[in-house]
Amino acid sequence: MRMRESTSGSFCKRCSMHFDCNFTPYLSLKINPDLIGHERNLNIVPEVLSQAQEVMIMEKKALPPKSEFSEWYHELIQRAEIMDVRYPVKGLYVWFPFGFRIRKEVYGILREIMDREHDEVYFPALIPETELGKEGEHIKGFENEVYWVTHGGTTPLDVKLALRPTSETAMYPMFKLWIRSHADLPLKVYQIVNTFRYETKHTRPLIRLREITSFKEAHTVHATFEEAEEQVKKAMSYYKEFYDRLAIPCLICRRPEWDKFPGAVYTMAFDTIMPDGKTLQIGTVHNLGDNFARTFNIEYEMPNGEHSFAYQTCYGISERCVAALISVHGDDLGLILPFEVSPVQVVVIPVLYKGKEEAVLKAARELGEELKRRGYRVVVDESDERPGAKYYTWELKGAAIRVEIGPREVDEGTAVVSFRDEKKKFSVKRDEIPEKVEEWAKEMRERLYARAVEAMKERVKYCNSLEEVEEWIKKGVALVHLCDSEECGAKLDEIASVLGEVFELPFEVSAEKKGKCVVCGREGRLNAVARTY
RNA sequence: GGGGCCGUGGGGUAGCCUGGUGAUCCUCCCGGCUUUGGGAGCCGGUGACCCGAGUUCAAAUCUCGGCGGCCCCA
């Protein structure tokens, strides 16, 4: 960086030099906390520089602390080899093999749940402009975000093709062909595909993307509104189960009218709270009523020969679920993943000493093989690094259970075991390990969930006044009573986003379902308000 | 939507203001020796000035444009 006069007139408080010194406190603190992160400015004072550089070297390998959430997330996602952010197009990122393994495990659960009553399908990524534009509300909601394919080679296309921002308008013209009688209903399908949205806001890996790579979208068609209503409830219970298995607590709200899915009757949303207090929407369930059926003419013949429009729902989850997984559980050392989705469920680390390598390696490999036979994902880390370096590496990557075997353990027939979410180590008879893994995994998921719920609880507070809301949303989610009027909603929306009427929280709150609107004082219902991603 | 900052080996950086030396240092990576219970050490090696145009005898450095990234506010 060039040294130059600050043009804005503001100066860094720490080093009194130009204002953009990029102060990075997490790199600091062993020698002189005031200096660290200011090494550029300190270049002008060589003897101080060398001291600061020393610290840089010592501390370089540590992640930023999780309390610096934005930096922590960005850094972790690369260092743990989840996404490569260097792809040269804004908002598009590359899944590393390790990240993709996490995706595979997470989406494996989602698939398993969906497969119980949905058929998997695949619809094309290109949607003709004529179909995309049919439903008025729907297209209004997406028109600023659509990517267009305008040419085939050098020939301009007669009808432009949109890269799907979501697949309703790709699927529903086909549903019209598939559905003719009541016997064809209900229809329940899902697909896991990429979708494209030209995001104008700040993009972030897994969170705000121009290509969503892993959009699980389910679409159902029913004979009556009531059946669609039933399906909404089922979908919500599926999503609850999914996030329960990931040990991610969710806040479930009914989105306000102005924020529902374009074309829907109403939208139910799952949000979780990130470590910085902002919420992340990680799932939505929409009751579409017969809005799309009327637009796309999806009709069926009833047993009595009369015709009726069908009723539809759709619901989706994207790779934001992986972002939530990383953010909710991780700590200063890196990823913490529930056993069920960790790419490395057990890591075995042989501690080698000269002359005793053979016996240690043999014991480590035997244990590794036995665990693999039982179907666990296991790594026996025989690399050349020293044990300490391996501990850090596997902590960064979220290996759930670590087993150390050294000469001492070989003699005793034991191993030293530790869990990623706990500091303590303990000794176990080696041949008892395989049968204990399942129980350990279960306990670990429970600990993670309990911890996540506690963290969420601390971020949610009932607020009595707009001033209180304004103050609290810096920290987390504010609960308020809000009436049904648009004006009151808009007023609140100026302060932060209204997530909607609260349907479910993963813990008890001391707030009534109904109460006086925080804006106007009329009767209102319990709503959540927060800063959002 | 508004504002600010930045682009130098795989990662982090120095050099830029004031144009000119073989482009600095750390890390990663490769080879060798040595070591191994919480990020070891020594020796050797590979590897970089975002793209385009302009100014100039000369551009990492100055100017303009593009692309990309980060942060803050709404």
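The values are calculated or read from the model by the stated rules, or taken from the named source; none is laboratory data. Model, not experiment: these values are computed from the prediction. Virtual Cβ from ideal backbone geometry, glycine too; neighbours counted across all protein chains shown. Remember, those area values only see protein heavy atoms, side chains included, never the ligands or the DNA or RNA. Shrake-Rupley method; radii C 1.70, N 1.55, O 1.52, S 1.80 Å.
Accessible surface for the range A:419-461, divided over its residues, is 63 Å² per residue with a 1.4 Å probe.
Converting phi to 3J(HN,Hα) with the Karplus coefficients 6.51, -1.76 and 1.60 and the offset θ = phi - 60°, the range A:438-451 yields 4, 5, 4, 4, 5, 4, 5, 4, 5, 4, 4, 5, 4, 5 Hz in sequence order, with x at every glycine or proline.
Amide H to amide H distances under 5 Å link A:Asp332 with A:Lys66, where only residues 5 or more positions off or on other chains count and H is placed in the peptide plane. The protection proxy used here, the mean number of other Cβ atoms lying within 10 Å of each residue, ranks peptides A:354-362, A:315-323 as follows, highest first: A:315-323, A:354-362.
Placing unit charges on each Cβ (+1 for Lys and Arg, -1 for Asp and Glu) gives the range A:460-530 a dipole about its Cα centre, and among A:Leu479, A:Pro506, A:Cys520 the Cα reaching farthest toward its positive end belongs to A:Pro506. For the cross-link pairs A:Lys372/A:Lys457; A:Lys104/A:Lys474; A:Lys240/A:Lys278; A:Lys201/A:Lys457; A:Lys216/A:Lys514, the ones whose C-alpha atoms lie over 31 Å apart are A:Lys372/A:Lys457; A:Lys104/A:Lys474; A:Lys216/A:Lys514. The residue among A:Ala62, A:Val89, A:Gly398 whose Cα reaches farthest toward the positive pole of the charge dipole of chain A, with charges on the beta-carbon of Lys, Arg, Asp and Glu, is A:Ala62.
Highest mean first, the peptides A:381-392, A:162-173 sorted by other C-beta atoms within 10 Å per residue fall in the order A:162-173, A:381-392.
For chain A, the fraction of 1.4 Å probe accessible surface lying on carbon and sulfur atoms is 49 percent.
When only the Cβ of Lys, Arg, Asp and Glu is charged (+1, +1, -1, -1), the dipole of the range A:63-159 relative to its Cα centre reaches about 460 debye.
Between helix A:357-373 and chain A there is an angle of about 20 degrees, using the helix long axis and the longest principal axis of the Cα atoms. For the range A:460-530, averaging the sequence separation of C-alpha pairs within contact (under 8 Å, six or more residues apart) and dividing by the residue count gives a relative contact order of 41 percent. Remark: chain A carries a charge dipole of roughly 1240 debye about the Cα centre, counting +1 on each Lys and Arg Cβ and -1 on each Asp and Glu Cβ.
Helical content alone sets the calculated 222 nm signal of chain A at -10500 deg cm²/dmol, taking -39,500 (n - 2.57) per DSSP H segment of four or more residues and averaging over every residue.
Computing FRET efficiency as 1/(1 + (r/R0)^6) for A:Asp493 and A:Phe96, where r is the C-beta to C-beta distance and R0 is 41 Å, gives about 0.60.
Taking the C-alpha atoms only, the angle from helix A:69-79 to the longest principal axis of chain A is near 70 degrees. For a straight C-alpha distance cut-off of 16 angstrom, the aspartates and glutamates reachable from A:Lys66 (same-chain residues fewer than eight places away being disregarded) are A:Glu75, A:Asp276, A:Asp331, A:Asp332, A:Glu395, A:Asp421. Beyond 20 Å in Cα-Cα separation lie the following of the pairs A:Lys61/A:Lys397; A:Lys260/A:Lys491; A:Lys233/A:Lys475: A:Lys233/A:Lys475. Mean separation of Cα pairs under 8 Å and 6 or more residues apart, divided by the residue count, gives the range A:192-327 a relative contact order of 28 percent.
Amide H contacts of A:Ala162: A:Ile127, A:Glu129, A:Val149, each under 5 Å away and 5 or more positions distant or on a separate chain (H built 1.01 Å from N in the peptide plane; Pro and chain starts excluded).
If we sort A:408-416, A:501-509 on the protection proxy, mean other Cβ atoms within 10 Å, highest first, what's the order?
Highest to lowest by the protection proxy: A:408-416, A:501-509.
Which residue, A:His286, A:Pro407, A:Met114, has the largest displacement toward the positive end of the dipole of chain A when charges sit on each Cβ (Lys, Arg +1; Asp, Glu -1)? Ranked along the dipole, the leading option is A:Pro407.
Express the accessible area of the range A:471-533 per residue in Å², computed with a 1.4 Å probe while the remaining protein chains stay in the model.
Per-residue value: 51 Å².
Angle of helix A:225-245 to the longest C-alpha principal axis of chain A, folded into 0 to 90 degrees and rounded to 10: 0°. Only Lys, Arg, Asp and Glu carry charge here, each on its Cβ (+1 for the first two, -1 for the last two); on that basis the range A:460-530 has a dipole of about 180 debye about its Cα centre. Using the Karplus relation 6.51 cos²θ - 1.76 cosθ + 1.60 with θ = phi - 60°, the per-residue 3J(HN,Hα) values for the range A:133-138 come to x, 5, 8, x, 4, 4 Hz, with x marking Gly and Pro.
Let me check against my output: what whole-number percent is the relative contact order of chain A, with C-alpha pairs under 8 Å and at least 6 apart?
Relative contact order here is 12 percent.
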